[in-house]
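See below for the structure under consideration.
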2 protein chains.
Amino acid sequence: MDLEARAHAEHPEELRLWLRLLTCTQLVERELRTRLRDEFETTLPRFDLMAQLERVPSGLRMSELSRRMMVTGGNVTGITDQLEAEGLVERVPVEGDRRAFSVRLTPAGRKQFKAMAERHESWIVDAFAGLSSTEIQALHQLLGKVKHHFQEIA
Amino acid sequence: MDLEARAHAEHPEELRLWLRLLTCTQLVERELRTRLRDEFETTLPRFDLMAQLERVPSGLRMSELSRRMMVTGGNVTGITDQLEAEGLVERVPVEGDRRAFSVRLTPAGRKQFKAMAERHESWIVDAFAGLSSTEIQALHQLLGKVKHHFQEIA
């Protein structure tokens, strides 16, 4: 199924661009979901949650963790419960706030994330293997303009 | 929150490209969700479902409709029920299969979709207003190479 089929010829080039952008993002995401499942029996939201925690060794409060998640569709509390039961993350009290806690990776979680992140990186390299290094830079730069435009209008 | 913060300098350029691609897709999607809610009190999955039906006037079976959805997170049966209650879609029997039905837009649904699609198109034009026509073509062509690579390895 080619999502771009929706972009009829009479539509502006921006719409065709948007559908292609969405298609490419979904192709990469689907590849990541399949490989995470096949090689690590895990999901993209679980990987994403662990990736956010990996960047902040001291841990993140649930609200902050939810805000940082890059993929949608995951239930942050549910995933945290699962990962905690598996010994990959732990809840720790927040100093100075008796009712609050934050979540952080355990040493086992850190180790497992590292293994997944290395594979993830190589899958991403494979995903863009159709482009030369010059093309990767050109694409990065053009998408930078798109992003910059959003920052200006925000 | 800048998702690209995750791409540390030691990571390959492909990873930085992927995070920027994901960021741009999410920026456009967030804009669409906000505007659909503010201007039409609707959601992206509802818009997406109606867009799929608009392309096939005779209607689609639920399974085919699910398969064609471009955005994740929507419950196709639930959305269809809602839209049917609002008179925007209708379930019709499938000829030659007593137990099956397909879903199609009603005239009211078609009219409402047309109004949304026109606005959607102008939001998309705005989203890429940071690019010249030449840059839009270059971006479209580079993303075409990414897509083509996936078709080759599939």
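The values are calculated or read from the model by the stated rules, or taken from the named source; none is laboratory data. Computed from a prediction, not measured in an experiment: that's the story for all the values here. Positions of Cβ are backbone-derived with ideal geometry, glycine not excepted, and every protein chain shown enters the neighbour counts.
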ask   = With respect to the numbered conditions (1) at the interface with another protein chain (Cβ under 8 Å from one of its Cβ atoms); (2) not in a helix (DSSP H, G or I), which one is the sole condition not fulfilled by A:Thr42?
value = (1)
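Of a type outside the set (D, E, K, R), modelled with pLDDT under 95, closer than 30 Å to A:Leu142 by Cα and not assigned by TED's automatic domain parsing to the domain that holds B:Leu22: is that true of B:Gly73 in this structure? Before you say what the answer is, go through the steps one by one.
On the way: of a type outside the set (D, E, K, R): yes; modelled with pLDDT under 95: yes; closer than 30 Å to A:Leu142 by Cα: yes; not assigned by TED's automatic domain parsing to the domain that holds B:Leu22: yes.
The answer is yes for B:Gly73.
How many residues, within segment A:104-149, are outside any helix (DSSP H, G or I) and facing another protein chain (nearest Cβ under 7 Å)?
Residues of segment A:104-149 outside any helix (DSSP H, G or I): A:104-106, A:128-132.
With facing another protein chain (nearest Cβ under 7 Å) added as a condition, the list becomes A:128-131.
Of the residues in segment A:104-149, 4 are outside any helix (DSSP H, G or I) and facing another protein chain (nearest Cβ under 7 Å).
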The lone exception for A:Pro93 - which of (1) touching a Phe, Trp or Tyr at 6+ places or on another chain (Cβ under 7 Å); (2) within 12 Å of chain B (Cβ to nearest Cβ) it fails = (2)
query = Identify, please: which residue in segment A:116-145 is within 18 Å of A:Glu41 (Cα to Cα) and in contact with a helix residue (DSSP H, G or I) (Cβ under 8 Å, 6 or more places away or on another chain) and is, among those, surrounded by the most Cβ atoms within 10 Å (Cβ to Cβ)?
reply = A:His120
task = Please work out if B:Met70 is without any contact (Cβ under 8 Å) to a residue 40 or more places away in the chain and within 17 Å of the chain's Cα centre (by Cα).
result = yes
inquiry  = Given the criterion in contact (Cβ under 8 Å) with a residue 24 or more places away in the chain and among the aliphatic types (A, V, I, L, M), identify the matching residue among A:Val146, A:Val103, A:Val125.
reply    = A:Val103
task = Go through (1) more than 28 Å from A:Cys24 (Cα to Cα); (2) modelled with pLDDT of 90 or more; (3) more than 18 Å from the chain's Cα centre (by Cα); (4) not aliphatic (A, V, I, L, M) and name the single condition B:Arg61 misses.
result = (1)
